[in-house]
Amino acid sequence: MTGSLRPTGLPARLAVVVVALAVAAGAVVGVRWAITPAAGPPAPEVPAARVQAADVEPNSLAPAQAADPRPAPQPQAAAQGADPLRAWAGRLAGRTGVPARALMAYGNAELVVRSTTPGCRLSWATLAGIGRIESDHGRYAGAVLGADGRPSIPIIGVPLDGSAGVRAIGDTDGGEFDGDPTVDRAVGPMQFIPSTWRRWAADADGDGRGDPQQLDDAALAAGRYLCAGGRDLGAPAGWWAAVFSYNNSVEYGQKVFGLADGYARAAAGG
């Protein structure tokens, strides 16, 4: 399905054109990082390594709902041509520890999904939790998240060749997205498997193409994926089902929960 969405209050620069969308039960998105020691320089730290798993039982709670990413209208700011989403992200970056540019991508994805699937109750904080686990918000292995929403170094996961700690997934894209014509690798800040990206690819930055390395695109695709099947992420069962569809690991879900809950509470804390 192809269409154009632009919620009220969303800057024209982040107008959304969904370039591919299909519901695929059981599709794989995020893949846990697995680094096999080898000769040479030490491997970069796994993004989730220092994230503490929350002490919460699956399906018992949903994270706190984060604040609306759209601030109340400010006539003076509007007259000066200020970008409300950018201003919101700038205020919350210090409180949450999430880069402002990444917050803009997560907030934009919430706004778009809220306009198209309000019953999902997707929160930017959940996307931020996943983004932290998967790539440290586009900063894995020394990458810097640029003003264009792309990491300075393309983020490519380990080969999914069935070795210890990883799934075996044969090549599905001829190396188009991951550069590997033999097996698949997860790609981009939200770590999409190429075949799953083809189903959910979105163009959230308005450049005419869906790019898994571009965080606006990847965050929106992740949000739509999480909301598949009529899930309500404001309810415990719906939230856990969505996160487990991304990565079916209790520890993964507990880590995302702790991050999302922390981000939401930090955003509301002043």
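The values are calculated or read from the model by the stated rules, or taken from the named source; none is laboratory data. Everything numeric here is computed off the predicted structure, so don't read it as measured data. A quick note on method: Cβ atoms are made from the backbone with ideal geometry, for glycine too, and the neighbour counts reach across all protein chains shown. Quick note on the areas: whole protein, heavy atoms, side chains included, nothing else; ligands and nucleic acids left out. Shrake-Rupley method; radii C 1.70, N 1.55, O 1.52, S 1.80 Å.
Peptides 169-176, 126-133, ordered by how many other C-beta atoms sit within 10 Å of their residues on average, highest first, read 126-133, 169-176.
What does the convex hull of the Cα atoms come to per residue for the range 153-263, in Å³?
That works out to 126 Å³ per residue.
Highest mean first, how do 137-148, 181-192 rank when packing is the count of other Cβ atoms within 10 Å averaged over residues?
Top to bottom by mean Cβ count within 10 Å: 181-192, 137-148.
Each Lys and Arg Cβ is given +1 and each Asp and Glu Cβ -1; about its Cα centre, the range 89-169 then shows a dipole of about 300 debye.
Extension gain for Thr182 to Val144 (0.36 nm times residue separation, less C-alpha to C-alpha distance): 10.8 nm.
Quickly rank 56-62, 101-107 as a protection proxy: mean count of other C-beta atoms within 10 Å, highest first.
Ranking, from highest mean packing down: 101-107, 56-62.
Between the range 207-270 and the range 140-165, the alpha-carbon centres lie 18 Å apart.
Counted over all Cα-Cα pairs of the range 130-204, pairs farther apart than 18 Å make up 41 percent. Label separation (Gln65 vs Ile153): 4.1 nm, computed from points 7 Å beyond Cα along the C-beta direction. Solvent-accessible area per residue in the range 134-201 equals 40 Å², computed with a 1.4 angstrom probe and all protein chains kept. Stokes-Einstein diffusion for the range 53-189 at 37 °C, viscosity 0.692 mPa s, with a Kirkwood radius from C-alpha pairs, works out to 190 µm²/s.
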